[in-house]
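Trainee: My structure is below; once you've seen it, I'll send some questions.
The values are calculated or read from the model by the stated rules, or taken from the named source; none is laboratory data. All values reported here derive from a predicted model rather than from experimental measurement. Cβ sites come from the backbone with ideal geometry, for glycine too, and all protein chains shown count toward neighbours. For accessibility, only protein heavy atoms count, side chains too; no ligands or nucleic acids. Shrake-Rupley method; radii C 1.70, N 1.55, O 1.52, S 1.80 Å.
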Amino acid sequence: MKIALVAFQGEMMCFAHVLLNALDLAARGNEIAIIIEGAACKLLPELKRTEALFAQQYQEVCQKRLITAVCKACASKMGTLAEAEAQRLPLNGDMSGHPPLADYLAAGYQIITF
C-alpha cells in the first residue's frame with residue numbers, strides 16, 4: 001500500500017505520531033511518503049538536535065528517505081527554509097508554493113493528515 005502522511009500541526013506530539021506511524025507502516029512493507037506542511041515546518045531545527053524528543057525516529061525517517069516533500073512556502077513563512085536546505089530535505093512548491101497532493105493521489109497514495 002502507498003501511504004502519504006501529511007504533517008500540518010506544529011506540536012511535537014502530533015509530529016511524533018507521523019514519525020512513529022511512518023516507521024511502523026514502512027516496516028510492514030508499505031511505501032511511505034511524509035509531507036511536511038504548515039506549522040510542522042517550524043519543528044525542523046528542533047528535530048535535528050540529537051537530544052530532542054523523537055530525534056532518533058526523525059533521523060531514521062531521514063535515513064530511509066521517507067520525507068518526500070517539505071512545503072517551500074510554509075518553511076519560508078516559518079523561518080525554516082534554510083534549515084530544510086541544510087538538512088537536504090526535498091523542498092516542493094509546485095502548487096503556488098506548496099506540494100500538490102494531487103500528485104500523490106495520481107501516484108496511487110492514500111493520504112492521511114496529522
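Trainee: Quick check: from the Cα gyration tensor, does the chain come out rounded (a/c under 1.5), prolate or oblate?
Mentor: Oblate.
Trainee: A further question on this structure: Assuming a ≥ b ≥ c are the square roots of the Cα gyration tensor eigenvalues, decide whether segment 61-110 counts as rounded (a/c under 1.5), prolate (otherwise, with a/b larger than b/c) or oblate.
Mentor: Because a/c hits 1.5 or more and a/b fails to exceed b/c, segment 61-110 counts as oblate.
Trainee: Which percent of the accessible heavy-atom area of segment 1-105 goes to carbon and sulfur, probe 1.4 angstrom?
Mentor: Taking all protein chains in place, segment 1-105 shows 51 percent carbon and sulfur surface.
Trainee: With a sphere of radius 11 Å drawn around the Cβ of residue 90, what net charge do the other residues whose Cβ falls strictly inside it have (Lys, Arg +1; Asp, Glu -1)?
Mentor: +2
Trainee: Keeping all protein chains in place, calculate the accessible area per residue for the chain (probe 1.4 angstrom), answer in Å².
Mentor: Here the per-residue accessible area is 52 Å².
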